Amino acid sequence: MTVQERQTVVEHHPSGAELARRTLALLFGIIQAVILLRIVFLLLDAREANALVSGILNFSQLFVAPFEGILRTDALHSGGSVLDIAAILAFIGWTLLEALAIAAVNIFRREPV
């Protein structure tokens, strides 16, 4: 048998902390994407009668609602377009929460020696 034939395959499985970090990044990424779509749809005056637009606006409201009322105005209107200030604050807030959650997970992460 040659050396090449005797090589073993080493499988790498992520640690629990790495798996938690990846899961958090995915969940927060979905939240951020939905909020970003909300901002774009409202800026472009998308038709709320469309099922996709309506669904994204309704779903994103769950994540934007805690940030409404922080500033004196939640939105700026111009014609049909709306700049959703509360959604921008929500995007920033959820990004900060993601950074804190990942930092907390990284405390328990073991690096190979």
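The values are calculated or read from the model by the stated rules, or taken from the named source; none is laboratory data. Being a predicted model, the structure only gives us computed values, none of them experimental. So basically every Cβ, Gly included, is an ideal-geometry build from the backbone, and we count neighbours across all protein chains shown.
Determine which single condition L83 fails, assuming it passes every other condition in (1) more than 12 Å from F41 (Cα to Cα); (2) modelled with pLDDT under 95; (3) surrounded by 11 or more Cβ atoms within 10 Å (Cβ to Cβ).
(1)
Any chance the stretch 27-47 includes a residue that's basic (K, R), out of contact with any Cys (no Cβ under 6 Å at 6 or more places or on another chain) and surrounded by 12 or more Cβ atoms within 10 Å (Cβ to Cβ)?
yes
List every residue pair whose Cβ atoms sit under 8 Å apart, with the two residues 6 or more apart in sequence or on different chains, where the first one lies in the stretch 85-109 and is of a type in the set (K, R) and the second, anywhere, is part of a loop (DSSP other than H, G, I, E, B).
R109/S15
Output the qualifying pairs, or none if there are none: Cβ atoms under 8 angstrom, residues six or more apart or on different chains, first residue in the stretch 14-31 and closer than 21 Å to W94 by Cβ, second residue among the hydroxyl-bearing types (S, T, Y) and not in a loop (DSSP other than H, G, I, E, B).
F28/T95
Considering each of L100, L71, L44 in turn, give the residue that is under 21 Å from the mean Cα position of the chain (by Cα), aliphatic (A, V, I, L, M) and either at pLDDT 95 or above or more than 28 Å from R22 (Cβ to Cβ) (or both).
L100 is the lone residue from the list that is under 21 Å from the mean Cα position of the chain (by Cα), aliphatic (A, V, I, L, M) and either at pLDDT 95 or above or more than 28 Å from R22 (Cβ to Cβ) (or both).
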